[in-house]
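Engineer: Below is one structure. I have some questions about it.
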Amino acid sequence: MRADNSLPQKADEYGRTVSPYFNLEDKQAKYKADKLFKRLRRKVGHAIGDYGMIEENDRVMVCISGGKDSYALLDLLLSLKRSAPFHFELIPVHLDPGFANSPEHLVTEHLERVGLPYHIIKRPVFDISQQKLQNGKIMCSICSRMRRGFLYAFAREQGFNKVALGHHRDDILATFFLNLFYSGIMKTMPPTLRTDDDSLTVIRPLAYCRERDLNTLAKLKQYPILPKGLCGYGENEQRAAMKAMLHRWEQEQPKRPDIIFKALKNVVPSHLLDRNLFDFTQISKGPKVK
């Protein structure tokens, strides 16, 4: 764990401060990354404002998985923090799940370059997941639940009140269709929620960001991404199928995923069938539903 609060920075040829781990030599890549970063920063700022994700004196645990999304999340939140009108803390936390031959040093070296205090916690996620694995069970679901459990427990122990996760717009859409097609439930990952024991607020500041933009940013900024498939069980096939479906739709009708995402923000309970959300028995006794 890094113990100091220093934020080492470099300046480009125009005197602007930039990330200490960014390659300044490629000016064209620098320009593209700058432009994309500003656009993503605006989207993150809007999401935080729309859903009240971060408030004064919050202690935010930023979960770093070693993937592109969590690196971008930390980068964008740190940029917003520098210009925020109030004080809040950002502490990156990486959970090492115990995958064999995982180059965990990539994450540690990256966090050292960022310069914030951070935590690396080791938990036997992989070993326990294998023990719990049964026929027909998907390894990913067991692993992800255990990761969240260990991370939330650590957040409570360390006195954090917010936990920031790197889920983006496409994750939210994929989860919506997974629940719709396989569980018969209309729900997805909300941008902000309280944990079941009401002790933590979970936030998803990348909720308005598209995955393809985060992919581009990761390449331009050369994030040290951990390899996929380290567990040996492969990708979650159902989730991959949902993302492939969304990708096809975006190719055929570029605005379709945006429209679906907009629909999740414009729900009319009286025009669905859930009696827990709307009392249909009272329709004839009151004003007509428009």
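The values are calculated or read from the model by the stated rules, or taken from the named source; none is laboratory data. Just so you know, these numbers come straight off a predicted model, no measurement behind them. Because the Cβ atoms are built from the backbone with ideal geometry, glycine has one as well, and the counts that use them run over all protein chains shown. Note: areas computed on protein heavy atoms with side chains; ligands, DNA, RNA excluded. Shrake-Rupley method; radii C 1.70, N 1.55, O 1.52, S 1.80 Å.
Engineer: May I ask you to derive the FRET efficiency for residue 270 and residue 249 from their Cβ-Cβ distance with R0 = 22 Å, giving the value to the nearest 0.05?
Structural biologist: In this case the efficiency is close to 0.20.
Engineer: Kindly state, to the nearest 0.05, the FRET efficiency for residue 153 paired with residue 241, given R0 = 45 Å and r defined as their beta-carbon distance.
Structural biologist: Here the calculated transfer efficiency is 0.90.
Engineer: Something else about it: Sort 41, 248 by accessible area with a 1.4 Å probe, largest first.
Structural biologist: 248, 41
Engineer: While we're here: Determine the gain in length on full extension of the stretch residue 46-residue 105; use 0.36 nm per residue of separation and subtract their C-alpha separation, reporting nm with one decimal. If you can, show how the numbers build up before the last one.
Structural biologist: Working: separation 59, 0.36 × 59 = 21.24 nm, distance 3.35 nm.
Contour length minus Cα-Cα distance gives 17.9 nm.
Engineer: Oh, and also: How much length, in nm to one decimal, is gained on full extension between residue 281 and residue 121, taken as 0.36 nm per residue of separation minus their Cα-Cα distance?
Structural biologist: Extending this stretch completely gives an extra 52.3 nm.
Engineer: Counting just the Cα atoms, what span does the range 178-217 cover along each of its three principal axes? Round to the nearest Å and put the largest first.
Structural biologist: Principal-axis extents of the Cα atoms in the range 178-217, largest first: 37, 30, 11 Å.
Engineer: Over the range 137-290, what percent of the accessible surface lies on carbon and sulfur atoms, probe 1.4 Å? Write down the numbers at each step before the final one.
Structural biologist: On the way: 5000 of 9200 Å².
On the range 137-290, the fraction of accessible area on carbon and sulfur atoms equals 54 percent.
Engineer: In the range 205-264, how does Rg compare with the Kirkwood Rh, expressed as the Rg/Rh ratio over alpha carbon atoms?
Structural biologist: 1.02
Engineer: When ranked by the protection proxy of mean other Cβ atoms within 10 Å per residue, highest first, what sequence do the peptides 168-174, 207-213, 194-200 form? Don't jump to the answer; show the numbers that get you there.
Structural biologist: On the way: 168-174: 23.3, 207-213: 19.9, 194-200: 11.4.
So the peptides 168-174, 207-213, 194-200, ranked by packing, come out 168-174, 207-213, 194-200.
Engineer: Next question, about the same structure. Using a Debye calculation, one point per C-alpha and no hydration shell, please list log10 I(q)/I(0) for the range 146-290 at q = 0.11, 0.13, 0.14, 0.16 Å⁻¹ in order.
Structural biologist: Debye curve over Cα of the range 146-290, log10 I(q)/I(0) at q = 0.11, 0.13, 0.14, 0.16 Å⁻¹: -0.60, -0.81, -0.92, -1.13.
Engineer: Rounded to the nearest 0.05, what FRET efficiency do residue 128 and residue 222 have when you use their Cβ-Cβ distance and R0 = 35 Å?
Structural biologist: So the FRET efficiency works out to roughly 0.55.
Engineer: Quick check on my link table: of 81/221; 228/255; 43/265; 30/219, which ones sit more than 18 Å apart, alpha carbon to alpha carbon?
Structural biologist: Long pairs (Cα-Cα over 18 Å): 81/221; 228/255.
Engineer: Continuing with this model, one more query. Taking the C-alpha atoms of the range 35-80, how large are the radius of gyration and the largest Cα-Cα span, Dmax, in Å?
Structural biologist: When restricted to the Cα atoms of the range 35-80, Rg and Dmax are 10.9, 30 Å.
Engineer: Against the 2.2 N^0.38 Å scaling, with N counting residues, where does the range 152-208 land? I'd like the Cα-based Rg ratio to two decimal places. Before the final figure, lay out the partial values.
Structural biologist: On the way: Rg = 12.9 Å, N = 57, 2.2 N^0.38 = 10.2 Å.
Normalised Rg, Cα atoms only: 1.26.
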